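To keep things clear, I will list the structure first and then write my remarks on it.
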Amino acid sequence: MSDKSPPLEDLKGKVKEAWGTLCDDEALSDEGEIQQLAARLEKEQGLSAEEAQRQAESSFHGRR
């Protein structure tokens with residue numbers, strides 16, 4: 001596992017998403033959503049941080 005804990009990454013993702021929404025910055029909001037998804041994948045599926053990030057980005061961009 002990486003040196004970044006998934007709960008911390010999830011919180012950082014929530015903050016990015018909220019800040020992006022507040023500032024009307026869709027890219028930052030999307031980045032926050034991806035970060036939250038990656039943290040959940042890392043925690044729940046035991047993926048490495050890099051693999052979780054890759055899967056989260058793929059999944060997120062696939063639904064857009």
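The values are calculated or read from the model by the stated rules, or taken from the named source; none is laboratory data. Predicted model, so just to flag it, every value in this text is computed and none were measured. Please note: Cβ atoms are built from the backbone with ideal geometry, for glycine as well, and neighbour counts cover all protein chains shown.
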**Prompt:** What residue, of Lys16, Lys12, Lys43, is surrounded by 13 or more Cβ atoms within 10 Å (Cβ to Cβ), basic (Lys, Arg), without any contact (Cβ under 8 Å) to a residue 60 or more places away in the chain and touching a Gly at 6+ places or on another chain (Cβ under 6 Å)?
**Reply:** Lys16
**Asked** Of the residues Asp30, Asp24, which single one is modelled with pLDDT of 95 or more, out of contact with any Lys or Arg (no Cβ under 7 Å at 6 or more places or on another chain) and not in a helix (DSSP H, G or I)?
**Response** Asp24
**Whichever residue in the range 19-40 is among the hydrophobic types (A, V, I, L, M, F, W, C) and more than 17 Å from Phe60 (Cα to Cα) and, among such residues, is surrounded by the most Cβ atoms within 10 Å (Cβ to Cβ)** = Trp19
